[in-house]
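The values are calculated or read from the model by the stated rules, or taken from the named source; none is laboratory data. A quick note: this is a predicted structure, and the numbers were derived from the prediction, not measured. Cβ sites come from the backbone with ideal geometry, for glycine too, and all protein chains shown count toward neighbours. Accessible surface is based on the protein model in full, side chains and every heavy atom, while ligands, DNA and RNA are left aside. Shrake-Rupley method; radii C 1.70, N 1.55, O 1.52, S 1.80 Å.
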Amino acid sequence: MPKPGQWVLVIGSGGVALFALQFAKLLGCRVVAVSSRNEKLDRLQALGADLVVSTADMPEWGAAVREQVYQRSLATISRLFVGHRTNLEAMLRAISVHRLRPVIDKVFAFDEANDAYRYFQQGDVFGKVVVDSA
């Protein structure tokens with residue numbers, strides 16, 4: 001689990017990436033957010049990203065991020081996967097206590113589910129695409 005002050009890299013602006021950004025900030029981490037869409041950089045920064053990088057403007061973004069974030073220090077890169085039940089319970093408590101809300105890009109009615117899938121497939125979402133059954 002990341003610790004306060006550590007850097008967390010978030011790639012993209014989909015629902016999972018934005019939730020990771022929110023959790024990292026909740027834990028006191030610093031966040032690098034990477035997007036291929038320049039128009040999303042301000043929104044990522046507004047959500048708390050400490051450093052935003054455009055892959056469109058900087059094809060070698062990995063080296064540039066490493067230079068800015070890990071100036072003359074060692075870096076450990078690890079991915080996070082599904083955790084234990086106790087981690088899930090702790091996450092759910094944190095969501096409740098801190099009233100963490102996912103970023104919603106667009107909500108579709110249930111009978112518009114096909115439109116929702118097409119919208120999601122175009123790949124230009126910022127947050128979750130929701131199909132509401134109510």
Enumerate the pairs (first residue in segment 115-134 and at negative phi and touching a residue at least 60 places away in the same chain (Cβ under 8 Å); second residue anywhere and open to solvent by less than 70 Å² (accessible area, probe 1.4 Å) and among the charged types (D, E, K, R)) with beta-carbon separation below 8 Å, excluding pairs fewer than 6 apart on the same chain, so at least 6 apart or on different chains.
-> 125/105; 126/40; 126/105; 128/105; 129/105
Is it the case that some residue within segment 75-86 is under 16 Å from the mean Cα position of the chain (by Cα), among the hydroxyl-bearing types (Ser, Thr, Tyr) and surrounded by 15 or more Cβ atoms within 10 Å (Cβ to Cβ)?
-> no
Pairs with Cβ under 8 Å, 6+ apart, first in segment 1-22 and farther than 21 Å from residue 84 by Cα, second of a type in the set (Asp, Glu) and open to solvent by 20 Å² or more (accessible area, probe 1.4 Å) | 15/105
Limited to segment 89-106, what total is found for residues that are closer than 19 Å to residue 17 by Cβ and among the aliphatic types (A, V, I, L, M)?
-> 6
For residues that are in a helix (DSSP H, G or I) and surrounded by 11 or more Cβ atoms within 10 Å (Cβ to Cβ), tally how many sit in segment 43-69.
-> 10
Of the conditions (1) in contact (Cβ under 8 Å) with a residue 24 or more places away in the chain; (2) open to solvent by 70 Å² or more (accessible area, probe 1.4 Å), the single one that residue 111 does not satisfy is (1)
